[in-house]
Amino acid sequence: MLNTLQASVSHEILNPLDCVSSFAVQIRSKSKESHIKQMADIIYNTTKLLNLSVSDLQDRSSMQHGKMTVTKGKFQLKAAI
């Protein structure tokens, strides 16, 4: 039951986070004041970090339900960064 709750809550959090992130991008692009741009950058970066944390919770829930598989293969770290 906890895993189902995690998955549901994760989806409910990600949509508003995407909106906040988009608003921050718009504020940054339209503002002429540097302190406003800095605050918009902080909002954007924070929402992206929170988005990653929520996505990690979703991944954990998927793994616990057997809905995610890991495959062995070559991985290029520089390309991923």
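The values are calculated or read from the model by the stated rules, or taken from the named source; none is laboratory data. Predicted model, so just to flag it, every value in this text is computed and none were measured. Positions of Cβ are backbone-derived with ideal geometry, glycine not excepted, and every protein chain shown enters the neighbour counts. SASA here: full protein model, heavy atoms, side chains in, ligands and nucleic acids out. Shrake-Rupley method; radii C 1.70, N 1.55, O 1.52, S 1.80 Å.
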For the chain, I need the span (max minus min coordinate) of the C-alpha atoms along each principal axis, in Å, sorted largest to smallest. 49, 36, 13
Over the chain, what percent of the accessible surface lies on carbon and sulfur atoms, probe 1.4 Å? 61
So, R0 is 25 Å and r is the distance between the beta-carbons of Arg60 and Ile81; what FRET efficiency does that work out to, to 0.05? 0.65
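Does the stretch 39-81 come out rounded, prolate or oblate by the C-alpha gyration tensor, with a ≥ b ≥ c the root eigenvalues, rounded set by a/c under 1.5 and, if not, prolate when a/b is larger than b/c and oblate if not? Numbers along the way, then the final one.
Numbers: a/c = 6.71, a/b = 1.43, b/c = 4.68.
Judged from the Cα gyration tensor, the stretch 39-81 comes out oblate (a/c at least 1.5, b/c at or above a/b).
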Excluding residues on the same chain fewer than 8 positions from Lys32, give the aspartates and glutamates whose Cα lies under 19 Å from its Cα. Asp41
Taking only Cα atoms, what is the 0 to 90° angle, nearest 10, from helix 2-30's long axis to the longest principal axis of the chain? 20
Leaving out ligands and nucleic acids, and using a 1.4 Å probe, what accessible area per residue does the chain come to in Å²? 84
Determine the dipole magnitude for the chain: charges of +1 sit on the beta-carbon of Lys and Arg, -1 on that of Asp and Glu, nothing else is charged, the reference point is the Cα centre, and the result goes in debye to the nearest 20. 380
Placing +1 on the Cβ of each Lys and Arg and -1 on the Cβ of each Asp and Glu in the chain, which of Ser53, Ser34, His65 has its Cα farthest towards the positive end of the resulting dipole? Ser34
Output the 0 to 90 degree angle, nearest 10, between the alpha-carbon long axis of helix 34-64 and the longest principal axis computed from the alpha carbons of the chain. 10
Modelled label-to-label distance, Val20 and Asn45, 7 Å Cα→beta-carbon offset: nm? 1.6
Treating cross-link reach as a plain straight distance, find the lysines whose alpha-carbon is under 25 Å from the alpha-carbon of Lys78, omitting any fewer than eight places away in the same chain. Lys48
